[in-house]
Amino acid sequence: MSEKTLIVYYSWSGTTAKMAKLLQKVTNGKLEEIKVGADVFSNDMYQTSDIAQQQLVSGELPEVQNISNLSDYDLILVGGPVWSGQVSTPVRSFLKQTSGFQGKIAPFYTSAGSDEKYETDFGKLTDGLDVVTGIGMTSGSLQNEESASTQLSDWIKQIN
Ligand SMILES: Cc1cc2nc3c(=O)[nH]c(=O)nc-3n(C[C@H](O)[C@H](O)[C@H](O)COP(=O)(O)O)c2cc1C
């Protein structure tokens, strides 16, 4: 593939990380993990959900590292978990860095199965950018790596 692809992802419990690694193999792109400080979230899902809600209400999104040279890429795949139907707060923080990006952006995400509003929310956070249709999976659908990779490679062909 001649396109230069960057795969950026946040993963709280490892599921999106798995999807991101499969996408790395499929695209041969560069993989970057979005990291937040160890004390930002809790190990407990419900507490993490409360912390994220507070971040949304206050507008104080978690700090994430700068991912350099985004403009070197033709396509950025942005991954993360679905949190309360929405884009997780670390991914929201990263998306602020994409303002003015000239290439294509596509969301990929994992959930427990309820992800219907995710891409609408993602679209609002990437207003003005060239955002293409994303792909969502569950940890169950990632268990069979071969079929997950086939789905991912079909998706990549569609959006390229
Ligand atoms: C704070 C929080 C909120 C969540 N909200 C949803 C949700 O709205 N819908 C859903 O299907 N799954 C929800 N989940 C489940 C995760 O989206 C799912 O387990 C995901 O695959 C985790 O990805 P990760 O391991 O990369 O963090 C939530 C999980 C957490 C921790």
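Where a number appears in this text, it was derived from the coordinates with a stated rule and is not lab data. Quantities reported herein were computed from a predicted structural model and do not represent experimental measurements. Positions of Cβ are backbone-derived with ideal geometry, glycine not excepted, and every protein chain shown enters the neighbour counts.
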Considering only the other residues whose Cβ falls under 10 Å of the Cβ of Gly136, what net charge follows from Lys and Arg at +1 and Asp and Glu at -1?
-3
Might you report the magnitude of the Cβ-based charge dipole of the chain about its Cα centre, with Lys and Arg at +1 and Asp and Glu at -1, to the nearest 20 debye?
280 debye
Using alpha carbon centers only, region 41-81 is separated from region 131-160 by a whole-angstrom value of 22 Å
If I model a spin label as a point 7 Å beyond the Cα along the Cα-Cβ vector, how far apart are those points for Asp127 and Ser141 in nm?
2.9 nm
Under 19 Å between alpha carbons - lysine pairs in the chain that sit 8 or more apart or on different chains
18
In region 5-159, taking the dipole from +1 charges on Lys and Arg beta carbons and -1 charges on Asp and Glu beta carbons about the Cα centre, the listed residue (Pro90, Ala52, Asn144) farthest towards the positive end is Asn144
Burial-style ranking of 14-24, 108-118, 75-85, average other-beta-carbon count within 10 Å with highest first, yields 75-85, 14-24, 108-118
Given labels modelled 7 Å from the Cα in the Cβ direction, how far is it in nm from Asp50 to Lys157?
4.8 nm
In terms of the charge dipole of the chain, which places +1 on Lys and Arg and -1 on Asp and Glu at the beta carbon, the residue among Gly128, Val40, Ser153 farthest towards the positive end is Ser153
Take each of the peptides 131-138, 151-158, average the number of other beta-carbon atoms within 10 Å over its residues, and list them starting from the highest.
131-138, 151-158
Only helices counted: for the chain, with every DSSP H run of 4 or more residues adding -39500 (n - 2.57) and the sum spread over all residues, [θ] at 222 nm is -11000 deg cm²/dmol
Using only alpha carbon pairs under 8 Å that are at least six residues apart, calculate the relative contact order of region 5-159 and give it in whole percent.
25 percent
